[in-house]
Amino acid sequence: MKKQGNQNNIHSLLRLLPYARPYTVQFLGVFLLVVIFNATSVLQPYLVKVAIDSDISVPHPNLHGVFIIGGIYVGIVILGVFSNISQMLLLQYTGQRVIRQIRIELFSHIEHQGMDFFDHHAIGRLVTNISSDTETVSQFFTQFFLSMIRDGLSIVMIVIAMFELDVRIAWECMTVIPIIFGISLLFRNWLRNAYQATRTRLSNIVAFLAENLAGMRIIQIFHQEDQQADRFETLNSLHRKANVNEYGISVIFNRVLELLGNLAVAAVVFIGGGAVLHKVILFGTLYAFISYIQKFFQPINSITQQWNTLQSSMVAADRIGKVLMVESKIQEPVAPVLMQDPKGQIEFQDVEFSYHQGEPILKKVSFVIKPGQFVGVVGATGAGKSTIMSLLTRLYDPDSGTIMLDGVDIRQMSLTDLHQYIGMVQQDLQLFTGTISDNIRMFRSDISDETVFNAAKAVGIHPLIERMPDGYQTWLYAKGANISMGERQLLSFARMVALNPRVLILDEATASLDSQTEEMVQNGLSRLTESRTTLVIAHRLSTVRHADVILVMDHGQVVEYGSHDQLLRMRGVYAALYENAGVEVLA
Ligand SMILES: Nc1ncnc2c1ncn2[C@@H]1O[C@H](COP(=O)(O)OP(=O)(O)OP(=O)(O)O)[C@@H](O)[C@H]1O
Ligand SMILES: [Mg+2]
């Protein structure tokens, strides 16, 4: 089981490789620079050996020769530093570009998901996905990639150099390799498990924070600060334990390797020292061997540390992959029907829908709304009113049945067209960080300031905005927490007016307004609603009393249909609602 999971992880990492393809030239450049750097590094002990054996440790030391070799040595060191710096900068530059691309695509992929996706994915998780998971994967393209070439190459070069110097001692040095492998294998599983535990616990913390910071008002009102702080502390303790554990394992692993390296140096001194005494090798060769065996452990250590990076990148890539693999249920048509000047006729034919399989929310809903009609939708809480609007705007697609706009199945229209023709002011209002005017034009540059002002005037919020400290440039914070609920609703209205859709949907859009303001908005809107189809969901029946048609919803079905007077005469569900609401209607 575990093995399988691991393979999937590697696949998810490989799936991200195509993002690196446009940068092949840069990666090749890094490779070349790494080769140069390694060559300079391997040459250094060799140069010292030559100086010792041919110019210093000889009967007639040759100072001139030492001078020349010293000069070459300095040149090589400078070349090494230069290639090292440029290789690191180039790699970082390239790695960050790859990651930027992955991040952008991830966000845009998520943006195009249907609403069902957001019902099933915690926002906190998605935030970690786009921010830190991509960052972790970037380490694969930088650290891991670099280490594999630089350290791999340097091991190969050192081995070659050692065999060049003395085959027997080189073979003896090679005996440490199986020992290193054995130890790495032993630590590998521990490290992987420890790593995964840390990541999961960290993302739990992020998810917790996202939820709590967003819901701070409720937490304070319910005096849950201490309880939530306790939960936060528990999450943090779990994370701390996992983190310390992971760090401990990796420290022990590194120190064990280091110990092994030092033992190997001692062994070389012992074996090589004997060889020097027996005049089998020269002293300079022994010096070179000691340097090489020390240099040998450094890349091995670094490669094994990359095991961590590989693990973390695989976990992160897996999580990114899982999101990228989700195909949006809302698909754009291949050949969209061109809509020219839509009239605004809406038709539902036997529409069935469920959020969860087996729990039908809409049952065979059928109705027709003629162009320009003002339609009220009423019914008990949970009857399915908002769901109808979500289907009409394709936030979800129906399980069966058809929804048509001017006789065209909305699934045959491009989403851009659809959202151009149908505008909705929702129950849960969304404002974004930005100015008031940004929020009214929804950051669209094609909507002029004049349109924004006119829209604000139409819904009567213009004087209110003028009175704010910076007028239309007043800054709104996330979700518009710094203005009142009613003001937020008016802004959402103004936004719709500015977008100027053919079909206007108002879902409980006036619920937070006082009766006077509501009337003002109604008057402002009546001019707008004259020429377009308007659907208004309202609990306050007074709001829809004058509608051309009222749809009465009950348990996912349209149970009554007609004008206010017709419905009253039916003495059915609507009449009952109306009588119950008598007090409110009078108010
Ligand atoms: N995203 C969702 N996931 C799962 N179930 C949902 C979701 N949204 C709504 N529901 C369920 O679907 C049913 C209909 O919800 P809907 O929002 O359409 O009701 P409504 O008529 O608009 O009610 P209200 O008057 O309270 O706004 C409810 O039982 C609700 O619990
Ligand atoms: Mg609703």
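Structure summary
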{"quantity": "Residues being within 27 Å of Gln522 (Cβ to Cβ), within 16 Å of ligand 1 (Cβ to nearest atom) and not in a loop (DSSP other than H, G, I, E, B) - total across region 366-424", "calculated": "15"}
{"quantity": "Region 507-535 - residue that is closer than 21 Å to Leu391 by Cα and more than 16 Å from ligand 1 (Cβ to nearest atom) and, of those, surrounded by the most Cβ atoms within 10 Å (Cβ to Cβ)", "calculated": "Thr533"}
{"quantity": "Pair list, Cβ under 7 Å, 6 or more apart: region 355-366 residue more than 12 Å from Gly401 (Cβ to Cβ), other residue among the acidic types (Asp, Glu) and near ligand 1 (Cβ under 8 Å from one of its atoms)", "calculated": "Tyr355/Asp119"}
{"quantity": "Counted residues, region 391-408 - those being more than 16 Å from ligand 2 (Cβ to nearest atom) and in contact (Cβ under 8 Å) with a residue 60 or more places away in the chain", "calculated": "6"}
{"quantity": "Check on Leu504, surrounded by 17 or more Cβ atoms within 10 Å (Cβ to Cβ), within 13 Å of ligand 1 (Cβ to nearest atom) and assigned to a strand (DSSP E or B)", "calculated": "no"}
{"quantity": "Any hit, region 512-533, residues being within 16 Å of ligand 2 (Cβ to nearest atom), at pLDDT below 80 and in contact with a Ser or Thr (Cβ under 9 Å, 6 or more places away or on another chain)", "calculated": "yes"}
{"quantity": "Scan of region 348-365 for residues that are more than 12 Å from ligand 1 (Cβ to nearest atom), over 27 Å from Ala581 (Cβ atoms) and assigned to a strand (DSSP E or B), ordered by number", "calculated": "Gln349, Asp350, Val351, Glu352, Lys364"}
{"quantity": "Residue in region 105-120 that is farthest from ligand 1 (Cβ to nearest atom), counting only those that are without any contact (Cβ under 8 Å) to a residue 60 or more places away in the chain and not hydroxyl-bearing (Ser, Thr, Tyr)", "calculated": "Phe107"}
{"quantity": "Search result, residues across region 536-563 that are within 16 Å of ligand 1 (Cβ to nearest atom) and in a loop (DSSP other than H, G, I, E, B)", "calculated": "Ala538, His539, Arg540, His555, Gly556"}
{"quantity": "Candidate set from region 206-220 (those that are modelled with pLDDT of 85 or more and loosely packed, with under 12 Cβ neighbours inside 10 Å); member that is farthest from Tyr247 (Cα to Cα)", "calculated": "Gln220"}
{"quantity": "Pairs, first farther than 16 Å from Thr533 by Cβ in region 411-427, second of a type in the set (Ser, Thr, Tyr) and within 16 Å of ligand 1 (Cβ to nearest atom), C-beta under 7 Å, six or more apart", "calculated": "Gln427/Ser386"}
{"quantity": "Answer residue from region 488-507, given it is of a type in the set (D, E, K, R) and under 32 Å from the mean Cα position of the chain (by Cα) and is farthest from Thr393 (Cα to Cα) among those", "calculated": "Arg488"}
{"quantity": "Tabulated pairs, region 435-448, first part of a helix (DSSP H, G or I), second small (Gly, Ala, Ser), C-beta under 7 angstrom, 6+ apart or interchain", "calculated": "Ile440/Ala455; Ile440/Ala456; Ile440/Ala494; Ile440/Ala498; Arg441/Ala498"}
{"quantity": "Per-region count, region 363-390, residues more than 13 Å from ligand 2 (Cβ to nearest atom) and buried (at least 18 other Cβ atoms within 10 Å of the Cβ)", "calculated": "6"}
{"quantity": "Count of residues meeting criterion [among the basic types (Lys, Arg) and either surrounded by 15 or more Cβ atoms within 10 Å (Cβ to Cβ) or outside the structural domain of Ser250 (by TED's automatic domain parsing) (or both)] in region 159-205", "calculated": "3"}
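Let's see how each residue does on (1) at pLDDT 90 or above; (2) surrounded by fewer than 20 Cβ atoms within 10 Å (Cβ to Cβ):
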residue	(1), (2)
Ile537	yes, no
His546	no, yes
Met553	yes, no
Val558	yes, no
Asp565	yes, yes
Ala576	no, yes
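For (1) outside any helix (DSSP H, G or I); (2) hydroxyl-bearing (Ser, Thr, Tyr); (3) not assigned by TED's automatic domain parsing to the domain that holds Phe374, each residue gets a yes or a no:
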site: Thr451; (1), (2), (3): no, yes, no
site: Ala456; (1), (2), (3): no, no, no
site: Leu464; (1), (2), (3): no, no, no
site: Glu487; (1), (2), (3): no, no, no
site: Leu491; (1), (2), (3): no, no, no
site: Met496; (1), (2), (3): no, no, no
site: Ala511; (1), (2), (3): yes, no, no
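The values are calculated or read from the model by the stated rules, or taken from the named source; none is laboratory data. Just so it is clear, the model here is predicted, and its values are computed rather than measured. Glycine also receives a Cβ, built like all others from the backbone with ideal geometry; neighbour counts cover every protein chain displayed.
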